[in-house]
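Here the structure comes first, spelled out in structure tokens, and everything after it is commentary.
A short reminder: the numbers here are calculations on the coordinates, not readings from a lab. No experiment lies behind these values; they were computed from the predicted model shown. Here the Cβ is made from the backbone with ideal geometry for all residues, glycine too, and neighbour counts use every protein chain on show.
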Protein chains: 2
Amino acid sequence: MSNSNVAKLGPLSGITVVDLTRVLAGPYCTLLMADLGARVIKVEQPNIGDDSRQIGPFIDGESAYFMSINRNKESIALDLKAEADKKIFESLLETADVLVENFRPGTMEKLGYSWEVLHQRYPKLVFTSVSGFGQTGPYSKRPAYDMVVQAMGGIMSLTGQPGGPPTRVGVSIGDLGAGLYAMIGTQAALLQRERTGMGEQVDVAMLDCQVALLENSIARYEVDKRIPEPIGSRHPSITPFDVFKAKDGWMVVAAGNDMLFQRLCNILNLPNLKTDERFSTNPLRCEHHDQLKVELEKRLQEEACKHWIDLLMENNIPTGEYNNLAQVLESPQIHEREMLLDVFSANGSKLTVAGNPIHIGSFVSKVDRNPPALDQDRHEIMKELNLD
Amino acid sequence: MSNSNVAKLGPLSGITVVDLTRVLAGPYCTLLMADLGARVIKVEQPNIGDDSRQIGPFIDGESAYFMSINRNKESIALDLKAEADKKIFESLLETADVLVENFRPGTMEKLGYSWEVLHQRYPKLVFTSVSGFGQTGPYSKRPAYDMVVQAMGGIMSLTGQPGGPPTRVGVSIGDLGAGLYAMIGTQAALLQRERTGMGEQVDVAMLDCQVALLENSIARYEVDKRIPEPIGSRHPSITPFDVFKAKDGWMVVAAGNDMLFQRLCNILNLPNLKTDERFSTNPLRCEHHDQLKVELEKRLQEEACKHWIDLLMENNIPTGEYNNLAQVLESPQIHEREMLLDVFSANGSKLTVAGNPIHIGSFVSKVDRNPPALDQDRHEIMKELNLD
């Protein structure tokens, strides 16, 4: 299918992906592929399609949720339990480099498409499975959602206010994380195929990915054996490195060493803090972080964020705005970097969505195709497969 | 260098990476490369090395922070401002497939290693730059830290308790996110090189990556024009889908549709909730989520988490443990999936760290090399370059 009339530009141009995924972790993975120029053919359940087509909010009756992660993909509806449709699916696999699915483990086997079967018939095919807990292990068949793996994987136990109730990361990092690692695994298998000529099975679990994102918290626990707890907005081992309240809102001050702290005291005109024993070294500042925050905020609340951010930037003290979503969308940097893309509903209504952050040479992801209606590309695909 | 005596197994076997990165976003990217079998040569500043070598906690005087993200890498110390060391660096580039750096934009140019220079001398080299704001745009030269991009990129505005103070995601998702996208961009450029024979420049900005992770929040804002705010631990549009307090702790209940909610009421023996008008549909349950949470917790607090989780699992209602870090490390699933690896300090002390979640065929990442001492591999590397 690499000579088809839908050849796309981009670093993954020429790669064809057959995409059985639904809702978020899998579709986010295949969005990354589509944005980088792979041809992604969504194979959806007839009449219903990707479950996320039913998730609000809606725009002209179309799911904005679906629209936000399915640009640059084609759609064909196939019933993988019906013989005629299985034939079409298998013709697609003949032309494919990658198959991605995020069913519960065991489902592909039941459909007759286990790794063993697929690898024998399509030896060059890379087969990527994203699941809650992985294809192996005692929890393999348990159902998972973002909420479940955020709670089980520990990230929730690190997020929130001290002593406060459990706090979910405000985006579905359980799904998105798995989508990112699945993309990395798929590309690694494609690079390996360049050497070996053979496809491989890629098995990525949402829970594993949460553990891989725990960062230095494991090391901290291993060394001091204290179970890490949520600490609000501050950094665990650098002070002041936090979000502070100014007159009209919140802002970041990240004075990561003694020199920056001294300079901060100077420009805020707080000579007493500079000589205060409690704040004389980073370990002491960490110990008295709450007292220091009170002192700094007393001063910061005298002026607006913009005043302070300009002053800190002039003095090379790392700082930044605490933006809400409306403010993020107005950021000149984000626009310059083409991080906002417009997709359109079938009725022509515009929806702004997040773009792809990967710039490769002069390539930046664009919207080549709007999010597809269910089965929208059947006719073209069937013609290419000579099944029309 | 592909025939060297340090050839590694793994899907990226044969790929050589020269790694100028420091602290977190860049080293996390090259950790992914090293774990998948690429040869990663850390080029560090003489005497000081990667700044993260100075970040605590420490184990036998070695930074556990450094140890947690630098396994499977080699180290050579080079002063990129000294002529003799520049020669060695350039010999390394002759053998390399990838160069990764995360200096502030402009630094590589000052060192004489702009993309234009590198591409002319090493046309096959993929050159990956990770920075706070990107190589272009009005904020390009501003310094950034995880804290700054979490606040500027909007994820912080979505995380936390309703009406509460700003809450940082409890891991450095600003750095880790950028590391993941930089890995994806690098592999995409390597796949493109298979077709074109030429390397490309990969430019990934931490702030852009935060926007790419905002998920459906942009779509929600675009449709209803209400700025999304933190909502604690619950899902924004499904109820009950949250963390609840049982007798001895917190647990997840994710009853995502009417059928599951009815079943939940049955097994909790709460017939009144089932017929309560306020809870009869998902939109109504979302509207009255706080009242429903009070009712459910009243019942859940009668028994321990384990009791309820077992009962919900038997009845196919998605549920899960709310684990702290110690509990995560004891999870049988995590062990079965080889998500915990042991690395050792020079003195032989063990540190458990997060593994790599990507399983490819029978390949799972292991520790082939402990985190290197500064300049540890100089002799071997010089010998291979015939510079000894």
- All-pairs Cα distance distribution in chain A, expressed in whole percent, bin size 20 Å: 24, 47, 25, 5, 0
- Simple spin-label estimate for A:Arg226 and A:Asp388 in nanometres, 7 Å along Cα-Cβ: 6.9
- Query: Cβ under 11 Å from B:Lys110's Cβ, B:Lys110 left aside: what net charge do those residues give with Lys, Arg +1 and Asp, Glu -1?
  - Reply: +1
- Task: Just order B:262-275, A:299-312, A:157-170 by mean Cβ neighbour count inside 10 Å, highest at the front, would you?
- Result: A:157-170, A:299-312, B:262-275
- List the aspartates and glutamates whose Cα lies under 15 Å from the Cα of B:Lys124, skipping any in the same chain that are fewer than 8 positions away. B:Glu90, B:Glu94, B:Asp97, B:Glu116, B:Glu194, B:Glu200
- For segment B:113-172, what class follows from the C-alpha gyration tensor (a ≥ b ≥ c being the square roots of its eigenvalues): rounded when a/c is under 1.5, otherwise prolate if a/b is larger than b/c, else oblate? prolate
- Query: Considering only Cα-Cα distances, which of the following residue pairs are longer than 20 Å: A:Lys245/A:Lys306; B:Lys350/B:Lys383; B:Lys42/B:Lys81?
  - Reply: B:Lys350/B:Lys383
- Task: Calculate how many DSSP beta bridges within chain A are antiparallel, expressed in % of all such bridges and rounded to the nearest 5.
- Result: 45
- Item | Value of D in µm² per second that Stokes-Einstein yields for segment B:241-324, Kirkwood Rh from Cα pairs, at 25 °C (0.890 mPa s) | 193
- Low-density loop positions, GluC sites (Glu not before Pro), segment B:35-80 - DSSP coil, at most 10 other Cβ in 10 Å: none
- Message: For peptide B:228-234, what's the mean number of Cβ atoms from other chains within 10 Å of each residue's Cβ?
- Response: 5
- Query: Which whole-angstrom value gives the distance between the alpha carbon centres of segment A:36-55 and segment B:236-265?
  - Reply: 28
- Message: Relative contact order of segment A:77-230, please, whole-number percent, based on alpha carbon pairs below 8 angstrom and at least 6 residues apart.
- Response: 26
- Message: I'd like the antiparallel share, as a percent to the nearest 5, of DSSP beta bridges with both residues in the protein assembly as shown.
- Response: 50
- Query: Counting Lys +1, Arg +1, Asp -1, Glu -1, what net charge surrounds A:Glu90 among other residues with beta carbon under 11 Å of its beta carbon?
  - Reply: 0
- Across every pair of different alpha-carbon atoms, what Kirkwood hydrodynamic radius in Å does the protein assembly as shown reach? 26.9
- Task: Let me have the relative contact order for segment B:14-63, percent, based on Cα pairs under 8 Å that are six or more residues apart.
- Result: 39
- Query: Add -39500 (n - 2.57) for each DSSP H run of 4 or more in chain A, then divide by its residues: what number comes out at 222 nm, to the nearest 500 deg cm²/dmol?
  - Reply: -10500 deg cm²/dmol
- Note on the structure: Between A:Glu44 and residues 5 or more places away or on another chain, the pairs with built amide H atoms under 5 Å apart involve A:Ile76, A:Ala77, A:Leu78
- Stretch gain in nm, segment B:Asp258-B:Ala373, where the contour uses 0.36 nm per residue and the Cα spacing is subtracted: 35.6 nm
- Quick one, can you get me the convex hull of the C-alpha atoms of segment B:170-265 expressed as volume per residue in Å³? 196
- Give the cross-link partners of B:Lys141 among the lysines, using a straight C-alpha distance below 17 Å as the criterion and excluding same-chain residues fewer than 8 apart. B:Lys110
- Item | Rounded D (µm²/s) - segment A:1-114, Kirkwood Rh over Cα pairs, Stokes-Einstein at 37 °C, 0.692 mPa s | 225
